[in-house]
Amino acid sequence: MKLAGIKSVDNAHDDSVWAVTWLPATASRPPLLLTGSLDETVRMWRSDELVLERTNTGHCLGVASVAAHPLGSIAASSSLDSFVRVFDVDSNATIATLEAPPSEVWQMRFDPKGTVLAVAGGGSASVKLWDTNTWELITTLSIPRPEGSKPTDKSGSKKFVLSVAWSPDGKWLACGSMDGTISVFDVQRAKFLHHLEGHYMPVRSLVYSPYDPRLLFTASDDTNVHMYDAEGKALVGNMSGHASWVLCVDVSPDGAAIATGSSDKTVRLWDLTMRASVQTMSNHTDQVWGVAFRPDGRGGRLASVSDDKSVSLYDYS
């Protein structure tokens, strides 16, 4: 398996690019790449040429996360302005605006069926689930305090929730926190199940294997990438190689590889059979905040975004 650079767009945004995801193809158009930046915009790019299709405005502070509905017709962007904007991809019309208190909107993900949007709740130490039909709040999944701690303890602030991921069957949800713990929930019962331990610094990104609903990959500021059996609460693999914080992780559609981005300015490709890094891409000049594999089977593509304001596209084979 290998990555080959296809194209990089310098100054793809006017400021740091923090977020990236793929919009699946629809009947009327191919897949698009969606990027979000501190310049307060969301941009859409043609997936093979990285040609700018459109720039969406609507936030008054930087965009921290973008999420794509599995049908490809709607997307969401969350911002430091404490709003989540849900919009129609083709018309850019606002479908819903979800409001949250300051520092309570971080990473977001639609569930595999597209019926629920999960929003990592930052300082609220919770994940909020929104109904994508009515845009009403379904429930708030709160991370329990460690046993024996009092409400006055500082432990609450450490459970600042940064990242969220759905299992491929949509039954489980995992979230990563500032203190390195990962919390796993049974979504249907809205029940906290357990913590996964092993990281000791912020977990800014995590993703389930597309084929194994138990297998969870996590990226942490402690420079490690972990593989967990999220159901059995077991750490089954630890991969190291980055020289600094691992800011993002994504898994390839074939489930054979993961890609990571780091504040060491590199993108790495990892072979999951070998559990080792097999390639390092060094085209970015600043920390890499996002990596995303194109989900469809139209030939492998990986995109990365960085504080250097650029977007890069790679062939994955």
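Within the range 192-206, not a single residue is in contact (Cβ under 8 Å) with a residue 24 or more places away in the chain, touching a Lys or Arg at 6+ places or on another chain (Cβ under 6 Å) and within 15 Å of Val246 (Cβ to Cβ). Residue check: Ile258 meets all listed conditions (1) surrounded by fewer than 20 Cβ atoms within 10 Å (Cβ to Cβ); (2) assigned to a strand (DSSP E or B); (3) within 19 Å of the chain's Cα centre (by Cα) but one, namely (1). Checking Ser103, Ser78, Ser65 one by one, the residue that is small (Gly, Ala, Ser), open to solvent by 50 Å² or more (accessible area, probe 1.4 Å), under 19 Å from Ser126 (Cα atoms) and touching a Gly at 6+ places or on another chain (Cβ under 9 Å) is Ser103 and no other. In the range 219-249, the residue that is most open to solvent (accessible area, probe 1.4 Å) out of those that are of a type in the set (Asp, Glu) and in a loop (DSSP other than H, G, I, E, B) is Glu231. Against the criterion of being open to solvent by 10 Å² or more (accessible area, probe 1.4 Å), charged (D, E, K, R) and touching a Cys at 6+ places or on another chain (Cβ under 8 Å), Arg204 qualifies. Summed over the range 269-311, the residues that are open to solvent by less than 10 Å² (accessible area, probe 1.4 Å), assigned to a loop (DSSP other than H, G, I, E, B) and either in contact with a Phe, Trp or Tyr (Cβ under 9 Å, 6 or more places away or on another chain) or closer than 15 Å to Lys2 by Cβ (or both) give a count of 1. Screening Pro102 against (1) within 17 Å of the chain's Cα centre (by Cα); (2) on the phi < 0 side of the Ramachandran plot leaves a single unmet condition, (1).
Looking across the range 182-199, the residues that are open to solvent by 20 Å² or more (accessible area, probe 1.4 Å) and in a loop (DSSP other than H, G, I, E, B) come down to Val187, Gln188, Arg189, Ala190, Glu197, Gly198.
Once the range 170-205 is narrowed to residues that are at pLDDT below 95 and acidic (Asp, Glu), the residue that is farthest from the chain's Cα centre (by Cα) is Glu197.
In the set Thr55, Thr35, only one residue is without any contact (Cβ under 8 Å) to a residue 40 or more places away in the chain and either among the polar types (S, T, N, Q) or more than 24 Å from Trp166 (Cα to Cα) (or both); that residue is Thr55.
The values are calculated or read from the model by the stated rules, or taken from the named source; none is laboratory data. Note that this is a predicted model, so its numbers are computed, not measured. Note that we place each Cβ from the backbone using ideal geometry, even for glycine, and neighbour counts take in every protein chain shown. Heads up: the accessible areas ignore ligands, DNA and RNA and are worked out on the full protein's heavy atoms, side chains in. Shrake-Rupley method; radii C 1.70, N 1.55, O 1.52, S 1.80 Å.
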